[in-house]
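Please treat every number below as a calculation from the coordinates, not as lab data. Everything numeric in this text was worked out from a predicted model, so none of it was measured. Cβ: placed from backbone, ideal geometry, glycine included. Neighbour counts: every protein chain shown.
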Amino acid sequence: MRALRIELRRSVAPWAGLLVLLLPLPLLLLLSGPWTHDPARWESSTTTAALWLRWCLMFVWPVALGAGAVQGMRDRRSGMTELLGTTPRPVGQRTGALAAALAVCLVVGFGALAVVGVGNVLLGGGHTSAAFLPVLVVGALAVVAGGVLGLAVGRVAPHPLVAPAAAVLALVLLTLANIGLAGAQVSSFTTRLAHLTAVIGDPRGTMVTTTWSFDLVQAAWFVGLAATGVLLLAAKSSRAKVIALAPALLAAAVAVPLLPARPADAFTADAAAELVCDGPVCVSRMHADRLPVLAEAGREALRLLARLPDAPTRVVEDTSPQWVDQLPERSADVVRINYQMDSGLLEADVARTRDELLAGVGVPRCHAANAGGTDEPIIAALTVAHLTGADRPPADYPGHFTGMESMVESAWGRFSSHPEDVREQRVVATRKALLACDGTALDVLLPEGVR
């Protein structure tokens, strides 16, 4: 304990822990980014906050690695190697105290960051559960493994440029890994390798968490990596250094085949995605307070859609991850509402919620999240107005944005000029086109064009 206290005072360990805490905070608290926007606002739930903290390891892990490398070259750079070698105290004890000090400070820094994240969720009234704990535990193991590996790198190669070079290289590799984990359907061996890094990709929703098998495999890998770092610190001979690589190599050999080849397979539904129902209308447990409004709006929407062939009979919240290369789930008998992609709906009244359900004739978009153009808002405006029997589209039709007014008015003028039966046939055909994602639905609804 005395050696540990000395290392805590004279090493860079406290500063490394402080950087782990302070580096991500301005990013998360002061700047705008994907963590402040739908579909995965970091204050929406403790699990989402934990996933964003894992995302921050893209910047934090290189800092831990670089700080460890700076500390690892201390003895060699200070010319103390030969002197310390003559002392009766084994090298393993000296380096063990140093590794323990760095590990403690890194865990404290990452833990303090987690406290800030959870506190932000509590202050914002977000959903809380224990599902975030495994995500954070594996993240802490990753940070410790990075720091200890840095100590070993600094001890083995005590050159002044090694620490910054290692940190920059780690940042580049983690950035590339994070980019490679962006698509749900991309299945490849490189995806397995990307899962060996500290990042797990951008969070893709407020109701997803990592699978237990993924957490266990990653934890085993990072423990093996940390063990290699510790053994390299204590190694004196070249033979001992080669043997020290065994834990990391063994952990990698076990982990790579077990890690998912598709990014989507690393995630599963959180307990917050459990459905709470009122008759034919269901909402996630996270948004259970919206059930009264959604139940009233859902029954009204189902009544208006009942006149169509193969009319839907249920309204269900979409709780799936919002991947950039994955279309929303669709079926003829279910109308889905997506609070993740539009958190503004959490404040919507019954009429606005009903219009959201009627948009697209009760069928979700035919493009992935955050992709699309002007077709979807026009289809929403025309179908909502037709199904509700209004003489014009609502002012706040789903998907509307500034600059669309004249285009929507022109489209409604052309659409409403047709007899009722023609409009009804076009709406039915549009629903079929959206269910099949076949062709351009706007051409089916308005073949003469918008203008």
Normalised by the empirical 2.2 N^0.38 Å for globular proteins, what value does the Cα Rg of region 274-445 take? 0.97
If I compute volume of the Cα convex hull per residue in Å³ from the structure I just sent, which labelled value in (i) 322; (ii) 149; (iii) 166 lines up? (ii)
To the nearest 20 Debye, how big is the dipole of the chain about its Cα centre, given +1 on the beta carbon of each Lys and Arg and -1 on that of each Asp and Glu? 2920
Counting only DSSP beta bridges with both partners in the chain, the antiparallel fraction in percent, to the nearest 5, comes to 55
Please work out the Cα center distance from region 126-153 to region 326-352, rounded to the nearest Å. 34
Charge dipole magnitude, Cβ of K and R +1, D and E -1 - region 274-445, Cα centre, debye nearest 20: 340
Centroid-to-centroid separation of region 173-229 and region 42-56 [C-alpha atoms, Å]: 15
Using a 4.7 Å Cβ cut-off, which Cys residues in the chain lack a partner cysteine? C56, C105
Compute the separation of the alpha-carbon centres of region 10-29 and region 417-450 and state it in Å as a whole number. 56
Placing +1 on each Lys and Arg Cβ and -1 on each Asp and Glu Cβ in region 2-271, then taking the dipole about the Cα centre, the residue among P260, G224, L196 whose Cα reaches farthest towards the positive end is G224
Residue ranges of DSSP H helices in the chain that stretch 15 Å or more (Cα, own long axis) and have mean Kyte-Doolittle hydropathy of at least 1.6 are 91-123, 132-156, 162-180, 246-258
Beta bridge orientation in region 274-445: antiparallel %, DSSP, nearest 5: 45
